[in-house]
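J.: Structure below; questions to follow.
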Amino acid sequence: MILDNLLNQALTVIPSQSGTLFKFDSRVINRVGQYITTFATGIPVNGSFQAIPREILEEMGLDTKSVHYMLYTSDDVSGLFRGGRGDQIEYEGFRLQAKKEGGWKPVDGWSGIMLVEVPNDG
């Protein structure tokens, strides 16, 4: 049982930010053999969106040309998983893919999720 959610307490003192969460729905193969990912209708997501500094991205060996955020939230956001793409979030005009999540939700009631910009193919 979660007795105290420090993130929710902190967000009563510091401002939170809002985005739109698109939960992963399915991944199917179309007629030409390409995987097509579908997402549910967008719903609000609240928390603390924090840009990841370029130096940290370089240290981690990540693409510094893409936008990266950490999202700290009590909302249910899923990162990449086997057989699926994970959820996506729209924030500040960017479409972001949830990549990796901290495993604190069962204990602390919130998670830290790494988000990376989804390339615009058109």
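The numbers here are math on the coordinates, done by the rules we state, and not lab data. Because the structure is predicted, anything quoted here is derived from the model rather than measured. Counting neighbours? That spans all protein chains shown, and the Cβs are built from the backbone with ideal geometry, glycine included.
J.: Based only on other Cβ atoms within 10 Å, what is the fewest-to-most ordering of R95, R85, R31, R54? Before the final figure, lay out the partial values.
T.: Details: R95 16, R85 20, R31 5, R54 11.
Result, fewest neighbours first: R31, R54, R95, R85.
J.: Oh, and also: What is the fewest-to-most order of T41, T73 by other Cβ atoms lying within 10 Å of their Cβ?
T.: Numbers: T41 9, T73 25.
Result, fewest neighbours first: T41, T73.
J.: Right, here's the next one. At 0.36 nm per residue, and after removing the present C-alpha to C-alpha distance, how many nm does the segment from K100 to Q9 gain when stretched out fully? Numbers along the way, then the final one.
T.: On the way: separation 91, 0.36 × 91 = 32.76 nm, distance 2.38 nm.
Roughly 30.4 nm would be gained on extension.
J.: Could you work out how far apart the two model spin labels at T20 and S78 are, taking each label as a point 7 Å from the Cα in the direction of the beta carbon, and quote it in nm?
T.: A separation of 2.1 nm, rounded to one decimal place.
J.: Pull out the extension gain between I43 and V118, defined as 0.36 nm times the separation in residues minus the alpha carbon to alpha carbon distance; nm, one decimal. Numbers along the way, then the final one.
T.: Values: separation 75, 0.36 × 75 = 27.00 nm, distance 1.84 nm.
Roughly 25.2 nm would be gained on extension.
J.: Related question: When the chain is fully extended, how far beyond the present Cα-Cα distance does E92 get from R27, taking 0.36 nm per residue of separation? Before the final figure, lay out the partial values.
T.: On the way: separation 65, 0.36 × 65 = 23.40 nm, distance 2.64 nm.
Net length gain for the segment: 20.8 nm.
J.: Using the beta-carbon distance between T64 and I36 and R0 = 30 Å, what value does 1/(1 + (r/R0)^6) give for FRET efficiency, to the nearest 0.05? Don't jump to the answer; show the numbers that get you there.
T.: Working: r = 29 Å, r/R0 = 0.98.
The pair T64/I36 has a calculated efficiency of 0.55.
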